[in-house]
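Engineer: There's a structure below that I have some questions on.
Computed from the coordinates by the stated procedures, all read-outs in this text should not be read as laboratory data. These numbers come from a predicted model, not from an experiment. In this analysis, Cβ positions are derived from the backbone assuming ideal geometry, glycine residues included, and neighbour counts consider all displayed protein chains.
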Amino acid sequence: MSYPDEFFAIAPHCSLKRLEEPYLYDIENDELYELSEEAYQFLLKCLQGERVSVRKEDEEFIQYCLSENLIAPTETPIKREEVPHASPIPSLRYLEFQITDRCNLRCRHCYIGECLHRNIPFEKILRVLKEFEEIQGLRLLLSGGEPLLHPHFWKINDVLRDYAFRSVLLSNGILITREVARRLHVHEVQVSLDGMKEGHESIRGEGTFEKVLEAVDHLQEADIRVSIATMVHQKNLKEFDALASLIQSKNIGEWNVDVPCISGRMEESRDLWVSPSEAGPYLRYGYGGGLHSSEKNATCGAHLCAILPNGDVAKCGLFSREPVGRIDEGLRVCWERVPRIRLKELTCNCSEIEECRGGCRYRAKLQGDLFQPDLFQCYARGVLKGGERNDDQKGC
Ligand code: SF4
Ligand code: SF4
């Protein structure tokens with residue numbers, strides 16, 4: 001196929017990103033395409049509404065972009081306002097933004113603990129969203145508490161599609177009626193489902209199980225992608241096969257399975273805690289999702305940080321007691337202070353390291369040492385087998 005000199009527009013659901021390498025990000029489908037510098041310059045011209053001449057050697061690339069619906073030919077130039085600035089290195093790709101600590105539930109395993117009715121003010125939220133876009137962010141995780149309870153949630157919802165990043169709402173699902181699902185502008189909702197009826201309600205309260213399933217249906221009817229998050233605890237261990245079938249029957253593309261750390265309300269619910277050797281087989285049930293390819297030598301959270309409901313910024317929500325700054329100082333400034341832990345600093349020594357990256361540093365710290373293996377991952381990946389280590393029962 002040959003092309004005359006013409007205009008191409010980058011699809012509205014895509015954005016050029018200048019991270020460690022140049023990329024085209026498909027926001028809708030959460031796909032990150034690495035670009036050569038030449039391809040990036042070609043797409044930059046498209047972004048700026050300039051006419052491009054198509055050389056023979058560009059045809060294959062253009063054909064691929066057209067087939068993936070990443071660009072489209074246009075008769076007149078379409079100029080977009082956004083200008084890709086270079087991101088800091090490492091890039092901040094994922095931002096967990098706890099906009100409120102208010103919640104309609106009192107889950108027994110909640111690491112956030114008691115609600116102090118703290119909300120990030122709306123104007124500050126807008127400033128953070130703008131900064132996250134400028135810093136070349138990919139995925140905003142709007143979290144809480146229950147983020148729907150932020151007093152200005154609907155004003156926040158109204159502006160989310162103005163930014164060149166993906167927005168994911170992390171919710172307990174209880175408030176998601178058909179009407180709420182229809183009004184949401186997020187790209188994805190992750191709802192918490194901590195077992196079948198008995199297991200789920202034993203930690204989240206009576207009547208919550210059916211409500212979560214209804215929320216999933218309402219969201220899917222409204223054409224919003226749904227993912228599920230599940231915590232492994234003592235009351236749901238026998239329910240995992242039934243839960244896996246239920247999740248499959250709902251056609252869910254991503255299931256995150258994790259374990260609660262002994263923190264917040266979990267301090268008083270230690271009876272729910274599962275040891276690494278018990279939890280290992282259940283952690284293998286999760287599938288899909290995950291992060292985009294990242295720097296080879298980095299441990300968990302290499303491209304993530306969290307903003308807490310009091311305005312502190314931390315390495316992630318679990319490291320809330322070790323903030324690196326306040327959001328008023330600016331996202332970039334705080335991000336540059338987040339401590340980095342290199343893979344080679346860990347005492348891990350196994351063939352799984354490329355994939356596992358040492359698991360969770362917070363859990364490793366609770367198990368005794370920030371640089372030791374995360375025993376939950378060791379058991380999940382079969383590197384350790386039941387009862388191999390006597391520190392298996394150390395609190396996490
Ligand atoms: S775990 Fe989530 S839903 Fe439950 S109390 Fe904590 S913030 Fe609320
Ligand atoms: S499986 Fe264990 S030892 Fe291996 S990388 Fe993961 S945490 Fe480290």
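Engineer: Among the listed residues 138, 175, which satisfies the condition of being of a type outside the set (Ser, Thr, Tyr) and either touching a Ser or Thr at 6+ places or on another chain (Cβ under 7 Å) or surrounded by 22 or more Cβ atoms within 10 Å (Cβ to Cβ) (or both)?
Structural biologist: 138
Engineer: Could you go through segment 110-119 and let me know if any residue there is within 18 Å of residue 18 (Cβ to Cβ) and touching a residue at least 24 places away in the same chain (Cβ under 8 Å).
Structural biologist: Among the residues of segment 110-119, not one is within 18 Å of residue 18 (Cβ to Cβ) and touching a residue at least 24 places away in the same chain (Cβ under 8 Å), which makes the answer no.
Engineer: Give the residue, chosen from 129, 170, that is within 16 Å of ligand 1 (Cβ to nearest atom), out of contact with any helix residue (DSSP H, G or I) (no Cβ under 6 Å at 6 or more places or on another chain) and either among the aliphatic types (A, V, I, L, M) or over 30 Å from residue 362 (Cα atoms) (or both).
Structural biologist: After applying the criteria, what remains is 170.
Engineer: Further question on the same structure: What number goes with the only condition from (1) within 20 Å of residue 100 (Cα to Cα); (2) within 16 Å of the chain's Cα centre (by Cα); (3) β-branched (Val, Ile, Thr) that residue 228 does not pass?
Structural biologist: Among (1) within 20 Å of residue 100 (Cα to Cα); (2) within 16 Å of the chain's Cα centre (by Cα); (3) β-branched (Val, Ile, Thr), residue 228 violates only (1).
Residue by residue, here is whether (1) under 17 Å from residue 128 (Cβ atoms); (2) free of Cβ contacts under 8 Å to residues at least 60 places away in the same chain holds:
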position	(1), (2)
313	yes, yes
321	no, yes
324	yes, yes
340	no, no
349	no, yes
357	no, yes
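Engineer: Report every pair of residues separated by at least 6 positions or lying on different chains whose Cβ atoms are under 9 Å apart, first residue within segment 247-275 and over 23 Å from residue 290 (Cβ atoms), second assigned to a helix (DSSP H, G or I) and of a type in the set (Ser, Thr, Tyr).
Structural biologist: 263/362; 272/202; 275/379
Engineer: Kindly provide the set of residues from segment 276-334 that are surrounded by fewer than 17 Cβ atoms within 10 Å (Cβ to Cβ), touching a helix residue (DSSP H, G or I) at 6+ places or on another chain (Cβ under 8 Å) and of a type in the set (A, V, I, L, M), ordered by number.
Structural biologist: 298
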